[in-house]
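**Q** Can you keep this structure in mind? I'll have questions shortly.
Just so it is clear, none of the values below were taken in a lab; they were calculated from the coordinates. Because the structure is predicted, anything quoted here is derived from the model rather than measured. All Cβ positions, glycine included, derive from the backbone under ideal geometry; neighbour counts span all protein chains shown.
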């Protein structure tokens with residue numbers, strides 16, 4: 001997927017994030033979810049469709065597989 005312009009609107013960090021900037025920011029745009037590194041806000045952005053993002057979040061919440 002080609003990079004797309006990422007105006008600095010709608011980005012947020014988790015309320016559980018600490019203030020050390022070692023986290024990512026996300027935003028919801030249409031049917032996509034964009035992800036970027038908090039330390040490099042002008043750097044590359046990953047884009048996921050909503051189904052892939054929901055699967056990632058569910059897996060993360062479930063924890064490591066046994």
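**Q** Which of 48, 28 has the fewest other C-beta atoms within 10 Å, and how do the rest follow up to the most?
**A** Fewest to most other Cβ atoms nearby, the residues stand as 28, 48.
**Q** Equivalent ellipsoid semi-axes for segment 12-66, as square roots of 5 times the alpha carbon gyration tensor eigenvalues: give them largest first, rounded to whole Å.
**A** Semi-axes, largest first: 20, 17, 9 Å.
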